[in-house]
Every structure is written in C-alpha cells, then in structure tokens.
Amino acid sequence: MSSAAKGNGARPAIRRVYPLEDLCMGCGLCEVHCLVEHSQSRQLLRAYLQEQPTAVARIRVERQEDFFLPVQCRQCPEPICVYSCLTGALRRDPATGEVHVDAERCIGCWTCILACPYGAIRRDRERGVIAKCDLCPDRTVPACVVACPNEAISYIEELR
Amino acid sequence: MSRGNGRRHARYVMVGNSAGAIGAIEAIRQVDTDGAIVVVSDEPYPAYSRPEISEYLAGRTTLERMLFRPPDFYERSGVEAILGVAASGLDVRERRLELADGSGITWDRLLLATGGRPTVPPIPGADREGIFTFTTLADAERIRAALLPGCRALVIGAGLIGLSLTHALVHLGVSVTMVELLDRPLANALDLKAARVVERKLREVGVELVFGQTVAEVLGRPENDRAVGGVRLQDGRQLPCDLLAIAIGVTPRADLATAAGLQVNRGIVVDRRMATSDPDVYACGDAAESFDFVHGAERVTPIWPNAYIGGRVAGFNMAGHETAHGGSTGMNALSYFGLAIVSAGLQEPGDEPGCEVLVSADGSAYRKVVLRGGRVAGLTFVSDIEKSGIVFGLMRDGVDVSDFKEALVAPDFGLASLPEALRRERLAVPLATGRAAGNKGDA
C-alpha cells in the first residue's frame, strides 16, 4: 500500500470548535457570519437577499428562554454520520480528524441527519444536499469564533 | 497475498463488496496496515452506493459518480479485488473459499458480507419477460433498457425498494401502479400518520395505489403470451402493465454459510463481535442477523448504515482488536418526492405495556416519540427533522428521558433541552477549553 494510506509524514494539528454555554447571549452573529462565509459573494446583504441558491449557516443557536447554546459539528472521532452515509459523501480525514461532506456526492437522503447525536447537520433544501461545519477551510480561525462578541465559541488546535 | 504453487492465501478474505465489506476493510486498515486483504464479489464494479440505483435508473447519475469510495480506494488500502467472480463454496475446516472460476483461496479470517437477494414469491406466470427486481445496478440497467415510451409499470410492494423504484419511474414519466398487501406504504418503516403523508404524496405525483391486495397471476400480452401484459389481483381485478417489478423485500444470502454448516436462522447468526458459529468467520449486513436493541433480539435489519457499522465491528475483531457491537435497530430517512421523513425503532406500540407516545404537530411538521420504561424506543419526524438525531442518540444510548420527555417533541427541542449534566457529558467540552489549549481527551 502507498505511504499516504499509512499516514506517514507531518500530521496537521487537530482543529476543534467548542460551545461555551455560560457565555452565549443568543445574539446569532455566529449564524450570520457562518452563512456569509459559506455564501458565493461573502457579502452580508447579497448573501441574504440576492444569492440563489441561498447560503445556509452550519451553526445553530439553540434558544430556550434565558439559555442559549451554539451548536455545530463536533468532528466526532467515531462519526456515526460517516458510517451511516449512503453514498460515501461524508468522510473523516484520518490525518486531521475532520469530517467533511463532498456536496457533489451528497444526494440529500438525510440519513446522516437522523444519525447525528448533536443535531448538527442541516438541510440545504435549495441545493438538495446537507450543510455542516467545515471549520472554514479558507480561514485560520473559523468565522463563528471570530464573530462571537462574548467569546462563547472556543477554537482549539490540538497537537498530536 | 501469496500465490505460490497455485495456492492463494490471504489473511483476510471478504465475500461481498458493498457497505459491510468496505466497513470491515476500513476498520482493519486502522489497526493492521499490512495483512493481505482480498475482496471477492459477483458484481463486476468497485463498491457503489446501492441506494443510488434509483438515481441511476432516473438518468441522474453515473456509475463513476455512484462509487462509494474514490477509484483508488482498493489500491490505497492494499486490497486485491476479485470482481465479477462469484464465491461458489466454503470449507471452514480447510479455511478455503471456492470461486466460480474454479480457483480457490485460503484465509485466516473470512467475512461473509453477501447481502440479500430479492424476495420473489411464487406467482403463476412470473416466468414471463418484463419482470424485474430492483436491488442492484444491473437491475437498474435492465429496467432502463426495457422502458419504452408510454410504458406502464406495476410495482408489487410499497416498501423502501418499491418506493425508490417508483421515484425513478415517475421521474422518467412512466405511469406507475403500486400493489401493496398491507393498507399503506412503508408499513414496516413508518407509523400510520407518516405513512399517510407518503401515500398522499404518491397520489399527488400520479401514482395509482392498490392496498390490501396481492398479485395472484401474471398475465401475458394478447399478441405475445411470453411477455408481461398485466396482472390479475386476488380479488379478480385485472390491471394492465408492460413492466412488472417485484419489490417486497430481500432475503439474506446465506447459502454459503448454510452449506458450510455455520449456524443460520433467518440470517447468518453472529455474536456481538459479528463472529459466526465459527470463530474465524464473521458476517454482517443484509446476510446476517444482528442484535436489535429495540426488539431485544437478533434480527435481520437490511439497511445500509447497519451493514457498514456491522462490517466495521467485524473488521476490528478480525484484526484482533476486540470490539463489541452496541446493537442497532431499523432507522430510515426518506427524501423521495421532496419529502423529509425520518424514523427509527418502534413505530406503533399499540397497547404494549409500559409504552407512552408523545406527539406534536404544526403545519406540515409532525413529531412523535415512543417511550418504553422511560427510554426512547421509537421516533418519527416529518418535515422538522434536523434535531431528530439528538432523540435517536438518546435512544441508542438508552438514556432515561422521563424528566424531560415533553421537550423531545417540542418545536424548539435541542441539546439545550437536555438536563445540564447530560448535555455537558454529551458535548464533552474539555475542561481546559477557553483557558488553555492542549487538551488531548478528544483525540
């Protein structure tokens, strides 16, 4: 087998985002910035008002009276969504531990939505595929983390 | 694999090349990067997404786009794939698998991931041309080749296979009649209310539905008695059709196991490690029975995720990495015709003692959770499905939900609805988060 399959070479840090429920105010700015980051224009008004198909935020702020919780993909080490994916669209990168979806392969069957114990996978109805946190591949620190005014979303790079 | 003196041997041999075998291969390669793996399959292609044959028939995808893993998967994983060759015999004493091409291969660990074959009841006249099943890519190709303009199809069975076929046929403009023995579609996967949602949708897209009936006889055509021209139902009614599909389910392909003397009930019997009655032979997927934590018994649950997860457990154990299957149960998500419905476990508890049913509905949304002894035993969500996985997770883990059961069907249900201790445990936020990096507990 190839050396790539054996996982040789430098391994990148494991990137993780955690919600800090005591600090979340429920403002929803993380959702706004996530949506804009995943839009075509990456401009707020265009992303919300003009783009077709409309971008979908991959983070969801749960709101219950006076309690708020920002929820996104936990990048599970044993990702049941990946094991349940009917098409192979969801894969866990063994080098980074990140779970990513190939939107070209996703058929929008929603099986992973039923499998995810965090309710962290969303339906992108206009595209007929799922939307999930990708840890903002074009950024050093994910957009939701940067946008949060109260540092309620924590970003960690774990060395391995 | 060694090939000396005409003797072939591999540490691991997989019979079958679908979700179960891939799950096993990926697990083995996590813990054993060197042991030779050989995959044998009667299908001539790399592993493909079987559920996508509906999209394939509809002309909306290609085999290349349906591949379950990238084209270089076998090479990268160090797997020799023998494709298009059926396994014809199994000698567990000699640790030898016979292939239909006359060759054989010996193994240290064997996985029987042979899947299911379509259940075809004996119907008089069912030897005519124009009769199909629908579980493989080859089936989809055969049906596609048989479709002519103005073609009328009759599908026996309104379960998951029948629905996936009907979805493709409707897309192709074929007029479809579904004949179902029970009184509704998807009776084995959905509760009554969700099944009615599917029924309404099917009628809306023009599908004719005949419930409480089965086909008593397949009729020929006036001009060609050897070709399908229609069916006669049990009640005597005759329905014309040019194409007949039998989609009433699948039966475990356990012939190899049975002939080899392995224990087989309805499917191949395995323990929680997915080992059969022979400790070096494993089985998973549609061919095998596995522990259903809702029914508290071994059963065949022929769905894709269970095959992959069972294969994964088998793979770890085959490689000497002890792993027990936590159990599975029936779970399905439906997106045909723009619907969004998910279900798992017990759907209609009836008057089963200790059961409680929680329901809420607004607009097109419908949420139902079945409790048994304070724990989730079943769920059905229509339209509002994005948080159903949280409920399924509580169900899988056997969490006592008595204290917050009403919240499970609330429109704003989420992780925030769980008691704080449970929520924190499930989110597993490292203690060091926000103060110092470097927590390795999650890796």
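FYI, it's all coordinate maths here, none of it is from the lab. These figures come from a predicted structure and were not determined experimentally. Don't worry about glycine lacking a Cβ; one is built from the backbone with ideal geometry, like all the others, and counts go over all protein chains shown.
Structural remarks
- Amide H to amide H distances under 5 Å link B:Val250 with B:Thr119, where only residues 5 or more positions off or on other chains count and H is placed in the peptide plane.
- Shielding by partners, peptide B:330-338 (average Cβ within 10 angstrom, other chains): 4
- Sorted by Cβ neighbour density within 10 Å, fewest at the top, the residues B:Ile246, B:Ile156: B:Ile246, B:Ile156
- For the protein assembly as shown: rounded, prolate or oblate by the Cα gyration tensor [a/c cutoff 1.5]: oblate
- Every helix of 4 or more DSSP H residues in chain B counts as -39500 (n - 2.57), and over all residues that averages to -6000 deg cm²/dmol at 222 nm.
- Label point distance in nm, B:Asp397-B:Ala297, each placed 7 Å from Cα along Cα→Cβ: 2.9
- Centre-to-centre separation between the Cα atoms of the range B:224-290 and those of the range B:95-131: 10 Å.
- Within a Gaussian network of chain B (alpha carbon springs, distance under 10 Å), most fluctuating of B:Gly320, B:Gly310, B:Gly162: B:Gly320
- Spatially near lysine pairs across the protein assembly as shown, Cα under 27 Å, sequence gap of 8 or more or different chains: 13
- Beta bridge orientation in the protein assembly as shown: antiparallel %, DSSP, nearest 5: 65
- Ascending count of other beta-carbon atoms within 10 Å, so fewest first, for B:Asp255, B:Asp235, A:Asp66: A:Asp66, B:Asp235, B:Asp255
- Phi to ³J(HN,Hα) by Karplus 6.51 cos²θ - 1.76 cosθ + 1.60 over the range A:127-137, Hz, x for Gly, Pro: 8, x, 9, 8, 10, 9, 4, 10, 6, 6, x
- Virtual spin-label span in nm between A:Glu65 and B:Asp101, 7 Å along Cα→Cβ: 6.9
- For chain B, the Cβ-based charge dipole about the Cα centre amounts to some 460 debye (Lys, Arg positive; Asp, Glu negative; other atoms uncharged).
- Per chain A, cysteines lacking a partner by the 4.7 Å Cβ criterion: A:Cys24, A:Cys27, A:Cys34, A:Cys76, A:Cys85, A:Cys106, A:Cys109, A:Cys116, A:Cys136, A:Cys148
- From its DSSP helices (H runs of at least four residues, each -39,500 (n - 2.57)), chain A gives a residue-normalised ellipticity at 222 nm of -4500 deg cm²/dmol.
- Cβ crowding within 10 Å, taken as a proxy for footprinting-reagent exposure, orders B:Met395, A:Met25 from fewest neighbours to most as A:Met25, B:Met395.
- Whole-Å distance, taken between Cα centres, linking the range B:63-88 and the range A:124-140: 29
- Pairwise label distance in nanometres, B:Ala365 with B:Gln234, each label 7 Å out on the Cα-Cβ vector: 4.0
- Net length available on complete extension from B:Arg273 to B:Asn224 is 12.3 nm, with 0.36 nm assigned per residue and the Cα-Cα distance removed.
- Pairwise centroid distance, computed over Cα atoms, of the range B:136-194 with the range A:41-68, Å: 38
- Most to least packed among A:16-23, B:51-58, B:80-87, B:378-385 [average Cβ atoms within 10 Å]: B:378-385, B:51-58, A:16-23, B:80-87
- Cβ-based charge dipole, chain B, positive-most Cα from B:Cys284, B:Thr33, B:Trp304: B:Thr33
- Take each residue in A:81-94, count the other chain C-beta atoms within 10 Å of its C-beta, and the mean is 5.
- Averaged over peptide B:101-111, the number of partner chain Cβ atoms lying within 10 Å of each residue's Cβ comes to 0.
- Cα-based shape type of chain B, given that a ≥ b ≥ c are square roots of the gyration tensor eigenvalues and the cut on a/c is 1.5: oblate
- Global form of the range B:340-427, assessed from the alpha-carbon gyration tensor, a/c cut-off 1.5: oblate
- Considering only beta bridges that DSSP places wholly inside chain B, some 60 percent are antiparallel.
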